[in-house]
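No value in this document is a laboratory result; all are computed from the given coordinates. Model, not experiment: these values are computed from the prediction. We place every Cβ from the backbone using ideal geometry, glycine too, and count neighbours over all the protein chains shown.
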Amino acid sequence: MSSKFLAMMSMVLLFFSCSTNTDKVILIGSTKADCTGISPQKCLQIKEEGETNWTYFYSNIEGFDYVEGFYYRLKVSVSEIENPPAGGSSLKYRLIEVLEKSKAPLNLDQGSWLVTRVKDRDSFGRNPFIKIDLSQNEINGNTSCNRFSAKIKVTNNKVDISELSSTEMMCKDIDVETAFLDALASITSYSLKNDKLQLFDANKELLIECNYLKSE
């Protein structure tokens, strides 16, 4: 066997070894997270199937269109980039197949909630809305006229609202505001299913019902 032929075979093997792609199954989280690469940005959160910890993903996946609010399980091809840009990833990800896409369950303090019902009333000139921040134990929003705020404590599905206060502008439809604030002060539990939040009193009677508003 000639040395020329051996040299050619070596080059072919080297080419295929350098261009070999690795197929992986990865999971994509339902929200992007604040991260810092060259500058502050929003990153996907990913992990390989079987791993425990999520990591920031600073690159992109060719052929993959991400929609926030969904979990993904993807089969991807991973290959090395011969001359990666400065500060960029040395790996290229390409989508092979979306194996699974599922809607993430909502959290109580995710986004805002548009009030669609207060006790027996389901028609409003202007709907009240609610925003909850469990990290600060705060609930606030609008009564349909005035701004309100209060302290909130949530344990499992139990709710305790205290220190409720509101501004005091003159309201055209004061009955809505009064009914809303009275209901809010009486809440003791909640139910969250799909995009609907229901708030109940101690007798399990429905006081307030809300639809999810997309977070800003």
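Could you work out the local net charge near Met169, counting Lys and Arg as +1, Asp and Glu as -1, over the other residues with Cβ closer than 14 Å to its Cβ?
Here the count lands on 0.
Non-local amide H neighbours of Glu138 (under 5 Å, H modeled in plane, Pro and chain starts lacking H): which ones?
Those qualifying (amide H under 5 Å, at least 5 residues apart or on another chain) are Asp133, Ile152.
If one takes the longest principal axis of the Cα atoms in the chain, at what angle in degrees, from 0 to 90 and to the nearest 10, does the Cα axis of helix 174-185 lie?
On a 0 to 90 degree scale, this one is about 70.
Taking θ as phi - 60°, what are the ³J(HN,Hα) couplings along region 112-129 by the Karplus curve (6.51, -1.76, 1.60), each to the nearest whole Hz, with x for Gly and Pro?
10, 10, 8, 6, 10, 7, 10, 6, 9, 9, 10, 10, 9, x, 9, 6, x, 9
Give a quick list of trypsin sites (Lys or Arg not before Pro) in region 157-195 that DSSP marks as loop, anything other than H, G, I, E or B, with at most 12 other Cβ atoms within 10 Å.
Passing both the DSSP loop test and the Cβ count: Lys172.
Provide the net charge surrounding Ala150, with neighbours chosen by a C-beta distance below 11 Å and charges set as Lys +1, Arg +1, Asp -1, Glu -1.
Counting the neighbours of Ala150, the net charge comes to -1.
How do Thr52, Thr116 line up, fewest other C-beta atoms within 10 Å first?
Ordered from fewest to most neighbouring Cβ atoms within 10 Å, Thr52, Thr116 come out as Thr52, Thr116.
Give me, ordered by chain and number, the residues 5 or more places off Leu99 or on other chains with an amide H under 5 Å from its own placed amide H.
Close amide H contacts, sequence-distant or interchain: Arg73, Leu74, Lys75.
Contour minus end-to-end for Asp182 and Ser89, with contour as 0.36 nm per residue of separation and end-to-end as the Cα-Cα distance?
So the extension gain works out to 27.9 nm.
Which ³J(HN,Hα) values in Hz, rounded to whole numbers, follow from the phi angles of region 26-38 under the Karplus curve 6.51 cos²θ - 1.76 cosθ + 1.60, where θ = phi - 60° and Gly and Pro get x?
Karplus-based 3J(HN,Hα) across region 26-38 equals 10, 10, 10, x, 7, 9, 7, 10, 5, 8, 10, x, 5 Hz.
Work out the charge dipole of the chain with +1 on the Cβ of Lys and Arg and -1 on the Cβ of Asp and Glu about the Cα centre, then indicate which of Tyr58, Ser112, Val78 is farthest towards its positive end.
Val78
Would you mind pulling out the separation of the Cα centroids of region 120-172 and region 18-84, in Å?
Going from one Cα centre to the other spans 38 Å.
Cα-Cα over 30 Å: which of Lys151/Lys196; Lys24/Lys193; Lys32/Lys193?
On the way: Lys151/Lys196 22 Å; Lys24/Lys193 33 Å; Lys32/Lys193 23 Å.
Over 30 Å apart, Cα to Cα: Lys24/Lys193.
Add +1 for every Lys or Arg and -1 for every Asp or Glu among the other residues with Cβ under 14 Å from the Cβ of Leu95, and state the total.
+1
Sticking with the crude label model, points 7 Å out along Cα→Cβ, report the distance from Leu99 to Glu82 in nm, one decimal please.
Computed distance between label sites Leu99 and Glu82 equals 3.1 nm.
Restricting attention to region 96-187, which chymotrypsin sites (Phe, Trp or Tyr not before Pro) occupy a DSSP loop and are surrounded by at most 16 other Cβ atoms within 10 Å?
Phe124
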